[in-house]
Every structure is written in C-alpha cells, then in structure tokens.
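The values are calculated or read from the model by the stated rules, or taken from the named source; none is laboratory data. Bear in mind the structure is a predicted one, so any value in this text is a computation, not a measurement. Every residue, glycine among them, receives a Cβ derived from its backbone with ideal geometry; neighbour counts consider all protein chains shown.
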Amino acid sequence: MPPSTETVTVRLPDGTPLELESGATGADASAAIGAGLARAALAIKAGDEIRDLDAPVEDGEGISIITSRDPEGLELIRHDAAHVMATAVQELYPGTKVTIGPAIENGFYYDFEFPEDVKITEDELPEIEAAMKRHIKADETFERRDLSTDEAIAIFRDQGEDYKVELIEDLVRNEGAETVSLYRNGPFEDLCRGPHGPGTKRIKAIKLSAVAGAYWRGDENRQMLTRIYGTAFFSKDDLNEHLERIEQAKARDHRRLGPQLDLFMLRDEAPGMPFWLPNGTVLLGLIEKEVREQLDRRGYQEIATPQVMDEALWHRSGHWENYVDDMYFMEVDERRFALRPMNCPGACLVYGADRHSYRDLPLRLAEFGMVTRNEREGVLHGLLRVRAFTQDDAHVYCTEDQIEDEVTEICEAIDELYGRFGFEDVKVELSTKPEKAMGSAEQWERAEAMLKGALDSQGREYTINPGDGAFYGPKIDFHVTDALGRSWQLGTCQLDFQMPERFDLTYTGAEDERHRPVMIHRALLGSMERFAGILIEHYAGRFPVWLAPVQAMIVPVADRHITYANEVAEDLRAAGVRVKVEERSESVGKKIRAAELGRYPFMLVVGDREVEAGEIAVRSHEDGEVGSMDVEKFCMLLDT
C-alpha cells in the first residue's frame, strides 16, 4: 500500500507548526520533534486534555509533550503506580476486589475489599512494594481498549468485580455513557478513563506509606474498604527528599506538640472541639491582638451576634440549601433553632436594624464569631479540621464605586498580617461561579469583573480557580507556604450581591432614594484554631519571641534559689515579659532538659552567683549562652 499523502498540522508550544501524516499519534509527534523527546515522552497535552501517547493528534490543535519535567508527568506516573499496586495486591491476595485508585496530592491510593480471612496492616506493605517493583522492572505496557458498557459490565460481573459493575451502571444512568475504557498492565485490567504512561518502567521510585479504612463512595452506610496509600517519583533522590519532609512533618505535628507545650488538648467527650490550655489561650490572644490592630487601623467596628438563631433565618440567607447537612439543630418551645455555621446572617441583621445613608458607607463590621459545623468524625484532624471554631470575620457594606478600594484595603491588611507571622510566600486565587449559585449570570459576571479589576489595579499576580466561588459570589483566596513547603488557604475576600437582596438591606442616596449596598465577606486568617495549628507546625513549636506564650523559663539551680527566681519573675512580668519559674525539686540537669523540651525562646538560670550579683544567666535558643545580665538589660534584649 502506498504511503498516505494526507497530513495534519499541529502547533507546538512556541507556535511552530508541525506537519505529520494523517492518523499520527502523540508518540509520532514526539519522535518528529526529536529522538531525545521521544524517549522521555509520557503523554501528550492538547489544550487542557492529557491523552495517551498512542492517541491520535487532530489537525490544527496545539500540543505539548508531557515528560518527567512537567507537574502532569508526576501525577501520571502516580496514577500508573496505583494500577501497579492493584496488580500486586490481586497477585498476592487472590479474591481481592478493586474499587477506585486515583492519584492525589503527593501520591496515590487504592481502595480494596479483601477476602474475609485477609487482614492488611502496615506490616504487609513491604511485601506489596516488592511485588510492585517486580512489575515495574518488567516494563509492562499500559494498553487501552474501548468497549460498550454492556460488554464491560459482562466482563466485570464475570470476574465478581461488583464495584466496577456499579460504577459503569452509574455512568450509564447519570451520564448516558455508551462506551467505557479499560487499561491493562500485565495481568491486571481496570475500568479507567486514563491517561497512562507508556509502561511501568517509567516509575523510578515508590513507597507505600499507610493503611486506613474508607467507606465505599464515602457513604458510612456502605461497605468498609481497606485503603492503601503510597507515592511515586521519577528518582530515588526525590523520593528520599519527600520521605524526609514527612519525617519533619511528624516531628512538627501540632497534635503531638499541642499537649506537650500546654497549648491544647483533644478529648473524646467533644470530638472536633479543642480544649485550650493556658499557653494556647495566650497564643490565641496574641494572634487576635494582631488582627485587632488591623481592625483598629482600618476603621472596623466590632460586633457580637448570637450563636443560636431561628431556623427560618438560614432559609432566608440561602445557607439552608448549601449547609443544612452540616448544621446542628435544637428545638425550644416548639420552635426550631440552629447553631450558626456562618456569621454573615447575624451581621446582616445588625446592618438592617438601623437606617443608613451613603455617608455611612463603607460600614465595616467585624466579629470574632464562633461557628459550628457537623463534620463527620472521620474527617476531623486536630485543629486543622474541627467542628467548632472562631472566624476572624468581617462584613463590609459599601457602594459599587467603593468595591475596588475596599478589596485593595483587605489585600493590604492580609499582606501585612502574613508578613508579621513569618509567611512571605503568598499566592492568590480568584474563584468564579460554582455549579450551585444564587443570582443571575449578569450579577456574577459583574462581580467577577470587579474582583478581577481590583486585583489588576494592584498589579497582583493571581490564578483563576474556575467554579470554586461561594454560593453567593466570587472570591479571592490567599494561600501561604509554610516551612515544609506546604500550601495552606487562609484569608478570603468574597463579593456578594445576593445577601443584601435577601435581607432587603438598603441605604439612602444623595437624592434621598433607596439603594442596595454590596456586601464584602472577608476573613484575614479564616479559622483562628486552624491558623494556630498551622503556626505550631510552621515553627515546630518554637515561636518567635513576640509570639511565644512563655518567652522565658527561669530555672533555679537549687531549691534555695526559688525565692530569688520568683522575685525576678515579678520584675519581668511588671515589664510585660511572659515568664514562668521551674519550681520542681529536680536536678538542674533535668530542669534544663525540661525547659529545652518546652521550646521557650529563653532560659534564665539563677544560682548562687546570680543571686549575689542580682543578675540572671541568659541562654537563648537561637544564640546559645548569651551571658549574665540584670533584668533591665534582658528586657532591652527582648525588644531588639
């Protein structure tokens, strides 16, 4: 057969056209660009779609070749590794049923239903890893085939893979699917949309990390499955670096450090509701003080609204349709009340209780409001995912002409606050209309344009996060990077045309006509509890001097020095220093060791020489032995 004369032309990332024979694949495109790229190629990207290398390219489309240098490449081999893990598991434990196995941030997992006589713990992970490595070394090709849903159901039903049958039936019922794709690597074949890399040997380093329980499809009324977590990298060095970060994260885990440093405790009597201990209460107070300074500087007025309000209020605000499953309720005198999951309806009632002129705007109402959400116990995580928490909330009521200035002010406050707490790497996202949203398309377009305009006017870099806005309006979210390189979403600024409409909020204009204000929801830190947990891990419990709940621990060498130690403590407290005295009858070595474990910025040792000289021997965590000095000089040292 003579070669085809038909061609297709695709565009490379730099705009260069590449002409290929009709029917050419991503692999053909990478080979045409260069032999080195062909060897490194994992998949092809066309627009936002990633495809297998053997998928055909289409005339006129822009393409790029995914390699190990691309973030998508790492996600791809982690998906590959999940399939390899399922291969190994079914090989080692015949009769195991597979469910789903996606790539996730930093790794992958797969959920399995093991035979009744099989109990998988972390002790079995090395054996599964070893089997995975055999399949990786064999360089088993990932082969795709597309077939009708009826054929696929018959195949999986014959294999006893009930979960796969259910997934396909749902695709037919919910999406009208007529065909599905299956991927095979070695002896294992799974229902999968793909894409996958060319073969298993592209996975260079793996590690299985944990075993956990997980309900099928997240439904606690369904089958409990066994979830195995793992990760994969393109090199052993990258894997080792990742494992080192995990060890550092364990050492910094706020759930361990919290009780150890007398910050907080968690109890079964109140799941997801932390008990704050003395040092933790001081820490929260110091965090709140920094937020209040921003409020005072920027003209906010503070309010406090009830935690329990009539159920009807939540219908009116729109929260009912979006939060009812996460709310707590109670009935009093045949009247239904709800614990608030949000503070905004209370702020709207405060605004609506008085008449307002355009001269009153912007009106900035702040509230440190406790909110409660009925999170499932299985997702609770220390201070980072709780049921009861305090938001550093504020609601700004303004005219449309004032939006840009108000948003800019909020962004500047966030910049200052994050810098104060030691977070310099801050990223910004603009989140747009979600699937479930109140209001017209025109209102959303206008609100999104206003937030975009405010960010552009600041010259601020940001990314678009499609479909992740609040149900009442688009939002700007702020993400910080901690000492371990982890990203945390903290502050938010949300533009709302809907709630003022629902609460019939108005102001009087210059011509005495009624107008509807715009409402800006904003939080600088978000959850105070969550922020405290992030700070504990960011600093590994060793807070900077200004933020440390106890800035100095005084260590008497012997019991006879305790009286002098307490006199020093009184002088330091009078100067505003947060200080404690170690009064236990222990050896000085044990006392110093306990002070080191307490992670105080300073240790002040007092013995016979210090008592006679009226001084303290200062040890700094950062600088080691500082020397002996009087209280006044030490206070000056703290201020520098």
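Things to note:
- For segment 286-309, the candidate set comprises residues that are without any contact (Cβ under 8 Å) to a residue 40 or more places away in the chain and surrounded by 13 or more Cβ atoms within 10 Å (Cβ to Cβ); within that set, the residue that is nearest to residue 374 (Cα to Cα) is 308.
- Exclusive hit being among the small types (Gly, Ala, Ser) and on the phi > 0 side of the Ramachandran plot, set 467, 509, 533, 453: 467
- The single residue among 481, 463, 432 that is among the hydroxyl-bearing types (Ser, Thr, Tyr) and closer than 30 Å to residue 247 by Cα turns out to be 481.
- Residues (buried (at least 21 other Cβ atoms within 10 Å of the Cβ) and among the basic types (Lys, Arg)) located in segment 68-79: 78
- Some residue of segment 87-96 being of a type outside the set (Asp, Glu) and in contact with a Leu (Cβ under 9 Å, 6 or more places away or on another chain): no
- Options 396, 350, 371; residue that is at pLDDT 95 or above, part of a strand (DSSP E or B) and out of contact with any Ser or Thr (no Cβ under 6 Å at 6 or more places or on another chain): 396
- Enumeration of residues in segment 194-236 that are under 20 Å from residue 67 (Cα atoms) and assigned to a loop (DSSP other than H, G, I, E, B): 194, 195, 196, 197, 198, 203, 204, 234, 235
- Residues in segment 534-564 that are of a type in the set (A, V, I, L, M, F, W, C) and over 30 Å from the mean Cα position of the chain (by Cα): 552, 553, 554, 555, 557, 558, 562.
- When we screen 410, 414, 464 for residues that are touching a residue at least 24 places away in the same chain (Cβ under 8 Å), exposed (fewer than 15 other Cβ atoms within 10 Å of the Cβ) and aliphatic (A, V, I, L, M), the only hit is 464.
- Criterion violated by residue 65 - all others in (1) more than 22 Å from the chain's Cα centre (by Cα); (2) at pLDDT below 95; (3) surrounded by fewer than 22 Cβ atoms within 10 Å (Cβ to Cβ) satisfied: (3)
- Qualifying residue in segment 55-63 (condition: of a type outside the set (D, E, K, R) and closer than 30 Å to residue 488 by Cβ): no
- Residue list for segment 467-481, filter: of a type in the set (A, V, I, L, M) and either without any contact (Cβ under 8 Å) to a residue 40 or more places away in the chain or within 12 Å of residue 444 (Cβ to Cβ) (or both): 470
- Residue satisfying all of: in segment 235-285; of a type in the set (Lys, Arg) and in contact (Cβ under 8 Å) with a residue 40 or more places away in the chain; farthest from residue 78 (Cα to Cα) among these: 255
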